[in-house]
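Since the structure comes first, as structure tokens, the remarks are kept for the end.
The values are calculated or read from the model by the stated rules, or taken from the named source; none is laboratory data. As the structure is a computational prediction, the values presented were derived from the model and not from experiment. Virtual Cβ from ideal backbone geometry, glycine too; neighbours counted across all protein chains shown. The protein model used for the area step is the full one, side chains on, heavy atoms only, and it has no ligands, DNA or RNA in it. Shrake-Rupley method; radii C 1.70, N 1.55, O 1.52, S 1.80 Å.
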Amino acid sequence: ISTNFSDLKLPGGMDLIWVGSVFTHLDMARVEVLFDKLYGALGRGGLLIATFHGQFYYEMTKKDPKNAISHAEILRQFEKKGHGYMPYSQIDPKMDMKDWGVSATRFDQVFKLGQRHQSAQMALFAEQAWANFHDVAAWIKQ
């Protein structure tokens, strides 16, 4: 199985794609590639729904002294660029999971994902809407 999302082959014309707790583990380059692949698989009127760690994750992590230290790079990048990421191996050397880690994405960066596609209309953005923790965003393909 490839972790290179550029290799992902999906059927077209999908009505609904749900992505829960996947973008929360990727750097922005991989988020964009996967988003584009998933969005491209939608048919007209199709809906892509995805979850993200957002402002709530940022605030909770910043308040926790242990996480504020171990996740400091995520917090710094989130503040500076709107998306922070750290591979698991940098958070805990025992957790070497190659291309996976923890990320947080500010709402404006979530909006920009869809804005890169002329046919994408943001249908929903709700903070802490999944498990009272993840932000949820949804796009309709026009």
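For the stretch 5-64, enumerate the residues that are acidic (Asp, Glu) and either farther than 19 Å from Met86 by Cα or within 12 Å of the chain's Cα centre (by Cα) (or both).
Narrowing the stretch 5-64 to residues acidic (Asp, Glu): 7, 15, 27, 32, 36, 59, 64.
Those that are acidic (Asp, Glu) and either farther than 19 Å from Met86 by Cα or within 12 Å of the chain's Cα centre (by Cα) (or both): Asp7, Asp15, Asp27, Glu32, Asp36.
Is there any pair with a first residue in the stretch 77-100 that is aliphatic (A, V, I, L, M) and a second that is in a loop (DSSP other than H, G, I, E, B) whose Cβ atoms are under 7 Å apart and which are 6 or more apart or on different chains, and what are they?
From residues that are aliphatic (A, V, I, L, M), the pairs are Met86/His71; Ile91/His71.
Consider the stretch 19-35. How many of its residues are in contact (Cβ under 8 Å) with a residue 40 or more places away in the chain and over 10 Å from Phe5 (Cα atoms)?
Selection size over the stretch 19-35: 8.
Suppose we keep only residues that are among the acidic types (Asp, Glu) and open to solvent by 50 Å² or more (accessible area, probe 1.4 Å) within the stretch 97-142. Which one would you say is nearest to Leu48 (Cα to Cα)? Full working, then the answer.
Of the residues in the stretch 97-142, the ones among the acidic types (Asp, Glu) are 99, 108, 127, 135.
Keeping just the survivors that are open to solvent by 50 Å² or more (accessible area, probe 1.4 Å) gives 99, 127.
Numbers: Asp99: 23, Glu127: 17 Å.
Among residues in the stretch 97-142 that are among the acidic types (Asp, Glu) and open to solvent by 50 Å² or more (accessible area, probe 1.4 Å), the one nearest to Leu48 (Cα to Cα) is Glu127.
Got a number for residues in the stretch 70-96 being open to solvent by 20 Å² or more (accessible area, probe 1.4 Å), more than 11 Å from the chain's Cα centre (by Cα) and under 21 Å from Phe35 (Cα atoms)?
3
Across the stretch 7-62, what is the number of residues that are under 22 Å from Glu79 (Cβ atoms), outside any strand (DSSP E or B) and of a type outside the set (Ser, Thr, Tyr)?
Initial filter on the stretch 7-62 (under 22 Å from Glu79 (Cβ atoms)): 23-32, 51-62.
Narrowing further to those that are outside any strand (DSSP E or B): 23-32, 53-62.
In the following step, the residues that additionally are of a type outside the set (Ser, Thr, Tyr) were identified as 23, 25-32, 53-56, 59-60, 62.
The number of residues fulfilling the criteria is 16.
All but one of (1) farther than 23 Å from Val136 by Cβ; (2) surrounded by fewer than 16 Cβ atoms within 10 Å (Cβ to Cβ) hold for Glu59, so report the exception by its number.
The single condition Glu59 does not satisfy is (1).
When the residues of the stretch 97-126 are filtered to those that are polar (S, T, N, Q) and in a helix (DSSP H, G or I), which remaining residue is nearest to the chain's Cα centre (by Cα)? Please lay out each step first, then the result.
Step one: list which residues in the stretch 97-126 are polar (S, T, N, Q), which gives 103, 105, 109, 115, 118-119, 121.
With in a helix (DSSP H, G or I) added as a condition, the list becomes 109, 115.
On the way: Gln109: 10, Gln115: 15 Å.
The qualifying residue nearest to the chain's Cα centre (by Cα) is Gln109.
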